[in-house]
Structure formats: C-alpha cells, structure tokens
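A.B. asks: Please find one structure pasted underneath; my questions will follow.
Just so it is clear, none of the values below were taken in a lab; they were calculated from the coordinates. As the structure is a prediction and not an experimental result, all values here were calculated from the model.
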Amino acid sequence: MRFLLAIDRMRAIAEIVRVKSSVRAVELARQFQVSGETIRRDLELLEREGLVRRVYGGAVDVHQASVSHYRERVVHRIDEKEAIGRLASTFVEDGDTLLLDVGTTINLFSQFLLEKRNLTVITPSLQVATKLRAGNVGRVLVTGGELQADEAYLTGMLAESAVQKYYVDRAFISVGGISPEVGLTDFDEHEVRLRQVMMQRAKQVIVLADSSKLGVRAFTVIGMLDEMDILVTDDEITPEMRRHIEEQGVEIRIAERSSRDRMR
C-alpha cells in the first residue's frame, strides 16, 4: 500500500511541477504531509525518469533552462557576454562606487574595468575581487560569508549584512531568467537574497543578461522588471520582449559583437 501511495504522490508532484513550472520542496512536504527527506527521494526518482529537474530547494519543469555547471557556462555565448561586458563598462566612471554580482557575465565585465581608476568595488566574487585588485583600479572590498567552491563566491547572512552597510552609485547584477510574467529570476535562493540586497543599496541597477536568458523563468524571483534601471543584452532580443521590458520604464542597451566575433 505504501508503495502505491508513493507512486500516486510522485505522479501528483510531476503534474504540479508541469502546471506551476517550479515548486519548493517544503511546500510539497507540507501538502503531502511527509518529511523533507521523502520529498527529496521523490524528486530524485522523478529526475531520473526525466519528469522534473531538481534545483536548490525544489524542482522545475524539464522544459525550463537548465542550471549548467560553471565550466560550461564560462564558454556559453562568450562573444555575446564579452560584448555585453564591454558596453556595460561605459556606464562606469572613475571614482564610482560599485556593487558587482557573481556569474560568468559579471566576471567578463570586470575585465573591462581594469582601465578605470579610483573605484570602490564591493563584491562577493573572489574571482572578480582578485582580478580588480591586481589591476589596481582602487579599493576592492569582499563581503565575507559562506564560500561556494564551484564559482569561488560568498553567500549567506554575512554577505548580505556586509552589503547593507553601503550605498553605491551602481549595482551590476546577473540573473538566470527574465520574463514579462514573472520578472527577474534565478535558480539559487542564496544568490537571490544577496542580489535583492544589492539592488536596494544602489542608486542605479544595471542587469547584464544575454538573450538566452530572455523569456526564461527560473526557480526563485529576484524582483520585478521595473526594479532594474538598465538592461544590457545582445541583439537577439525579440521586438516583443523589448517592448514588454521598455513598457516597465527600463532602458535597454544593445551590445553588438565585433565583426571578428561574428565570423567565429
């Protein structure tokens, strides 16, 4: 009987994920009145069957964008990300105070800041901090927090409380997805909370996202579209998506790849 009930529960979970696109494990445990460990086992089995994709804290529909490993993301759409980073750097002036997020696009963006001087940069990314400090761009402050080994960045309450001590000119934010229906989203709840604090502590919020992120709904909501001031993306943004975002009062800047990049 227990086996049959487990099968029925997993079928129900798969249908919930299909309809809602994403679901939290704690919500499933509460709904089905089982332990969190039981739900985790259910999600593991459903993932093996290709019915859901597990993410931190729950699961998403298999048709959503996958959370790829960092080494894969580094080379994914690298030309577009470099063009985005190059254009985003034009918003930075000598003497600015900045909050820099984590992620492959932010890491590429930071290399274009090496020509700037007298910056004050606060970041949870050890990669970004090391690069900027070696480039002698100015003061570089690391947030502190729990180390996430894969990408060498810091999260948690210590990182969030560190960011809350400052008010900066600009925050440069990365996201997992942008959609008109949901807004700005990402897959990792820890990163989301830190990004929310960063956005609150900046005069201007600039989101860096290549067009593969547009129309994507990731697991956790960061904020609404109108919480960003500028979106820097590439020229594959659709007219419809551009219209939806601009209707929220967001300025969109298009980064064009060089002719050499387009020939690759």
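A.B. asks: Any idea what Rg and Dmax come out to for region 188-264 if you just take the C-alpha atoms, in Å?
C.D. replies: Values for region 188-264 (Cα only, Rg and Dmax): 13.8, 40 Å.
A.B. asks: Within straight cross-link reach of K116, meaning Cα distance under 26 Å, which lysines are found once same-chain residues fewer than 8 apart are removed?
C.D. replies: Partners found: K81, K131, K165, K203.
A.B. asks: As a test of the formula, what do you get for the chain when each DSSP H run with n ≥ 4 contributes -39,500 (n - 2.57) and the sum is divided by the residue count, at 222 nm and rounded to the nearest 500 deg cm²/dmol? Provide the component values of the computation, followed by the final result.
C.D. replies: Values: 11 runs with 105 residues, N = 264.
The per-residue figure over the chain is -11500 deg cm²/dmol.
A.B. asks: So what J values fall out for region 139-146 if you push phi through Karplus, 6.51 cos²θ - 1.76 cosθ + 1.60 with θ = phi - 60°, rounded to Hz, Gly and Pro as x?
C.D. replies: 7, 10, 10, 9, 5, x, x, 7
A.B. asks: How many angstrom separate the Cα center of region 109-137 from the Cα center of region 138-198?
C.D. replies: 16
A.B. asks: For E240 and R24 in one chain, what is 0.36 nm times their gap in residues minus the Cα-Cα distance, to one decimal in nm? Don't skip to the answer; put the middle values down first.
C.D. replies: Working: separation 216, 0.36 × 216 = 77.76 nm, distance 3.06 nm.
Taking 0.36 nm per residue and subtracting the Cα distance, the gain is 74.7 nm.
A.B. asks: What value in Å³ per residue do you get for the convex hull of the alpha-carbon atoms in the chain?
C.D. replies: Here the figure is 134 Å³ per residue.
A.B. asks: Each residue of region 25-36 in order: what ³J(HN,Hα) in whole Hz does its phi give by Karplus 6.51 cos²θ - 1.76 cosθ + 1.60, θ = phi - 60°, with x for Gly and Pro?
C.D. replies: 4, 5, 5, 5, 4, 5, 5, 9, 6, 10, 6, x
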